[in-house]
1. For the full complex of protein chains and a 1.4 angstrom probe, list Ile53, Ile32 by accessible area with the highest value first.
2. Can you give me the pair-distance distribution of the range 1-41, C-alpha pairs, 5 Å bins, whole percents?
3. Among Trp13, Trp2, what's the order by accessible area (1.4 angstrom probe), most exposed first?
4. Top to bottom by accessible area (1.4 Å), largest first, where do Tyr21, Tyr30 land?
5. Between Trp2 and Trp39, what is the spin-label point distance in nm, taking each point 7 Å from the Cα along the Cα→C-beta axis?
Amino acid sequence: AWLVMTFPALVAWHFFGKGVYWMWGFVTLYVIALGLSFWWRFQTGIWKTMRVIEPDAAENQFLLD
(Lines give C-alpha, C1' and ligand atoms only; values in the text may rest on other atoms or scores of the structure.)
Protein backbone atom coordinates (compact mmCIF):
# COMPACT_ATOMS: atom_id res chain seq x y z
CA ALA A 1 0.00 0.00 0.00
CA TRP A 2 2.84 2.40 0.78
CA LEU A 3 4.47 2.08 -2.66
CA VAL A 4 1.30 2.27 -4.74
CA MET A 5 -1.03 4.47 -2.70
CA THR A 6 0.46 6.42 0.19
CA PHE A 7 3.89 7.49 -1.06
CA PRO A 8 2.76 8.69 -4.54
CA ALA A 9 -0.20 10.55 -3.01
CA LEU A 10 2.04 12.38 -0.56
CA VAL A 11 4.56 13.23 -3.29
CA ALA A 12 1.80 14.56 -5.56
CA TRP A 13 0.37 16.66 -2.75
CA HIS A 14 3.60 17.97 -1.26
CA PHE A 15 5.79 18.54 -4.34
CA PHE A 16 3.26 19.15 -7.10
CA GLY A 17 0.40 20.74 -5.19
CA LYS A 18 -2.18 18.24 -6.40
CA GLY A 19 -5.44 17.95 -4.51
CA VAL A 20 -7.67 15.30 -3.11
CA TYR A 21 -8.69 14.00 -6.56
CA TRP A 22 -5.12 12.85 -7.20
CA MET A 23 -5.05 11.13 -3.85
CA TRP A 24 -8.30 9.31 -4.64
CA GLY A 25 -6.78 8.39 -7.98
CA PHE A 26 -3.88 6.66 -6.24
CA VAL A 27 -6.30 4.88 -3.91
CA THR A 28 -8.21 3.70 -6.99
CA LEU A 29 -5.00 2.47 -8.61
CA TYR A 30 -4.14 0.60 -5.42
CA VAL A 31 -7.52 -1.15 -5.35
CA ILE A 32 -7.20 -2.06 -9.03
CA ALA A 33 -3.67 -3.44 -8.51
CA LEU A 34 -4.85 -5.44 -5.50
CA GLY A 35 -7.80 -6.84 -7.43
CA LEU A 36 -5.60 -7.81 -10.38
CA SER A 37 -3.11 -9.55 -8.11
CA PHE A 38 -5.93 -11.53 -6.45
CA TRP A 39 -7.37 -12.38 -9.85
CA TRP A 40 -3.95 -13.56 -11.11
CA ARG A 41 -3.46 -15.71 -8.03
CA PHE A 42 -6.90 -17.26 -8.50
CA GLN A 43 -6.20 -17.95 -12.18
CA THR A 44 -2.95 -19.79 -11.44
CA GLY A 45 -4.91 -22.46 -9.57
CA ILE A 46 -2.32 -22.96 -6.82
CA TRP A 47 -5.07 -22.51 -4.24
CA LYS A 48 -6.65 -25.81 -5.36
CA THR A 49 -3.79 -27.87 -3.91
CA MET A 50 -3.31 -25.93 -0.66
CA ARG A 51 -4.27 -27.57 2.60
CA VAL A 52 -5.33 -25.25 5.37
CA ILE A 53 -5.77 -27.79 8.16
CA GLU A 54 -3.81 -31.01 8.14
CA PRO A 55 -5.74 -34.08 9.33
CA ASP A 56 -3.15 -35.01 11.99
CA ALA A 57 -3.14 -31.52 13.47
CA ALA A 58 -6.94 -31.51 13.76
CA GLU A 59 -6.97 -34.92 15.50
CA ASN A 60 -4.24 -33.85 17.94
CA GLN A 61 -6.19 -30.71 18.81
CA PHE A 62 -9.17 -32.83 19.91
CA LEU A 63 -6.89 -34.93 22.08
CA LEU A 64 -5.56 -31.84 23.86
CA ASP A 65 -9.01 -30.50 24.73
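1. Ile53, Ile32
2. Pair shares across the bins are 6, 27, 27, 19, 10, 6, 3, 1.
3. Listed by decreasing accessible area, they come as Trp2, Trp13.
4. Heavy-atom accessible area, descending, gives Tyr21, Tyr30.
5. In this crude spin-label approximation the distance works out to 2.8 nm.
The values are calculated or read from the model by the stated rules, or taken from the named source; none is laboratory data. This is a predicted model, so every value here is computed, not measured. A quick note on method: Cβ atoms are made from the backbone with ideal geometry, for glycine too, and the neighbour counts reach across all protein chains shown. Side chains are part of the model used for accessible areas, which takes the heavy atoms of the whole protein and leaves out ligands, DNA and RNA. Shrake-Rupley method; radii C 1.70, N 1.55, O 1.52, S 1.80 Å.
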